[in-house]
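The values are calculated or read from the model by the stated rules, or taken from the named source; none is laboratory data. Remember, it's a predicted structure, so these values are computed and weren't measured experimentally. Backbone-built Cβ (ideal geometry, glycine too); neighbour counts: all protein chains shown. Side chains included, ligands, DNA and RNA excluded: accessible areas come from the protein's heavy atoms. Shrake-Rupley method; radii C 1.70, N 1.55, O 1.52, S 1.80 Å.
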Amino acid sequence: MTGSDIPSSFRLAYVPGVTPTKWVRVWHERLPDTPLELVQATAADAPGLLAGHGADAGLVRLPVDRDVLAAIPLYTETTVVVIPKDHVATAAEEVSLAELADEIVLHPLDDVLDWETLPGRPAVERPATTADAIELVAAGVGVLLVPQSLARLHHRKDLTYRPVPEAPESRVALSWPQAEEAPDLVEEFIGIVRGRTVNSTRGRAATPPRPAQAKDKAKDRSKDRTKDKAKRTGAGGARSKTAAGRKPQSGGRTGGQGGKRGKPRGR
């Protein structure tokens, strides 16, 4: 992507409960010249927003229509039950669905859990939003089952929550409009959420050495090898000359003594 084809910014949608802060921080470090714009959307509206190109990619809750949107699952959330702090269930570390059989379980219209059968007793009316349901829990009307991130998002001092292992779970994914190839900036964000380094093969490629630099390095290595060889050869030649220039000590002594013995003694 070059010239005028480079987008001026990257639009990232995200749904309530998802915190993109750490990924946005890495984005700003790696692509400081490409602004990232956050677009908040409800869990129900996010897929349509992406399909209509209202955002380049989004952190959404599954499922999505895979014929329209591509998606990479990122993590699965624990489901918890939100209860008043004085509720009897606070005595346990976890709560089973059977223990909620006598409770009024609120089911807001924006619920993100895929229930086959909702536990407990239904409320007279479904709250419009999760935020409304939280208010009803605080008022003692019932309890609420949500992904843990939503319980944290709507935290109140008079409420707490406990894990419900048997409940359906919510999966969060990175999603974008289907295409033969993901756009360059989407690929950049995929690399960030997957923890790829800057120089990974699918992220920004590492800058290869220029051909001239590679040749220079090869010449330097060749020169070094030649110098080393010359030093070794020179040292060996010096040793050979020194050895050849020495006279055999034993032969010298023998010759001298023999010469003296060969002369007749004068009387």
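Is it fair to say ILE6 is of a type in the set (A, V, I, L, M, F, W, C), at pLDDT below 95 and over 30 Å from ARG156 (Cβ atoms)?
In short, yes.
Kindly evaluate VAL95 against the criterion of being open to solvent by less than 50 Å² (accessible area, probe 1.4 Å), under 25 Å from VAL172 (Cα atoms) and assigned to a loop (DSSP other than H, G, I, E, B).
Spelling it out, VAL95 is indeed open to solvent by less than 50 Å² (accessible area, probe 1.4 Å), under 25 Å from VAL172 (Cα atoms) and assigned to a loop (DSSP other than H, G, I, E, B).
Does any residue of the range 69-82 turn out to be in contact with a Pro (Cβ under 7 Å, 6 or more places away or on another chain) and either modelled with pLDDT under 95 or surrounded by fewer than 17 Cβ atoms within 10 Å (Cβ to Cβ) (or both)?
Initially, the range 69-82 is screened for residues in contact with a Pro (Cβ under 7 Å, 6 or more places away or on another chain), giving 69, 77-80.
Subset that is either modelled with pLDDT under 95 or surrounded by fewer than 17 Cβ atoms within 10 Å (Cβ to Cβ) (or both): 78.
Yes, that holds for at least one residue.
Considering only residues that are β-branched (Val, Ile, Thr) and closer than 30 Å to ILE190 by Cβ, which ones fall in the range 144-177?
Quick first cut of the range 144-177, residues β-branched (Val, Ile, Thr) only: 146, 160, 164, 172.
VAL146, VAL172 - these are the residues of the range 144-177 that are β-branched (Val, Ile, Thr) and closer than 30 Å to ILE190 by Cβ.
Could you check the range 54-78 and list, in sequence order, the residues that are over 20 Å from ALA167 (Cα atoms) and over 20 Å from the mean Cα position of the chain (by Cα)?
Answer for the range 54-78, where residues must be over 20 Å from ALA167 (Cα atoms) and over 20 Å from the mean Cα position of the chain (by Cα): GLY54, ALA55, VAL64, ASP65, ARG66, ASP67, VAL68, LEU69.
Assess whether ALA173 counts as being touching a strand residue (DSSP E or B) at 6+ places or on another chain (Cβ under 6 Å), under 23 Å from ALA43 (Cα atoms) and either in a strand (DSSP E or B) or at pLDDT below 95 (or both).
When the stated conditions are applied, ALA173 passes them.
In the range 35-65, what residues are open to solvent by 50 Å² or more (accessible area, probe 1.4 Å) and in contact (Cβ under 8 Å) with a residue 60 or more places away in the chain?
Hits for the range 35-65 are THR42, ALA44, HIS53.
Taking the range 60-92, which residues are of a type in the set (Asp, Glu) and not in a loop (DSSP other than H, G, I, E, B)?
Answer for the range 60-92, where residues must be of a type in the set (Asp, Glu) and not in a loop (DSSP other than H, G, I, E, B): just GLU77.
How many of the residues in the range 121-146 are surrounded by fewer than 22 Cβ atoms within 10 Å (Cβ to Cβ), touching a helix residue (DSSP H, G or I) at 6+ places or on another chain (Cβ under 8 Å) and closer than 26 Å to ALA41 by Cβ?
Number of matching residues: 0.
Take PRO32 and decide whether it is within 22 Å of VAL193 (Cα to Cα), modelled with pLDDT of 95 or more, surrounded by fewer than 15 Cβ atoms within 10 Å (Cβ to Cβ) and out of contact with any Leu (no Cβ under 7 Å at 6 or more places or on another chain).
On the way: within 22 Å of VAL193 (Cα to Cα): yes; modelled with pLDDT of 95 or more: yes; surrounded by fewer than 15 Cβ atoms within 10 Å (Cβ to Cβ): yes; out of contact with any Leu (no Cβ under 7 Å at 6 or more places or on another chain): yes.
Judged against the criteria, PRO32 is a match.
Does VAL88 satisfy the condition of being of a type in the set (Val, Ile, Thr), at pLDDT 95 or above and in contact with a strand residue (DSSP E or B) (Cβ under 9 Å, 6 or more places away or on another chain)?
When the stated conditions are applied, VAL88 does not pass them.
Out of the range 152-187, which residues are among the charged types (D, E, K, R), open to solvent by less than 80 Å² (accessible area, probe 1.4 Å) and either in contact with a helix residue (DSSP H, G or I) (Cβ under 7 Å, 6 or more places away or on another chain) or over 29 Å from ASP67 (Cβ atoms) (or both)?
ARG156, ASP158, ARG162
Quick check: anything in the range 100-120 modelled with pLDDT of 95 or more, open to solvent by 100 Å² or more (accessible area, probe 1.4 Å) and of a type in the set (Val, Ile, Thr)?
no
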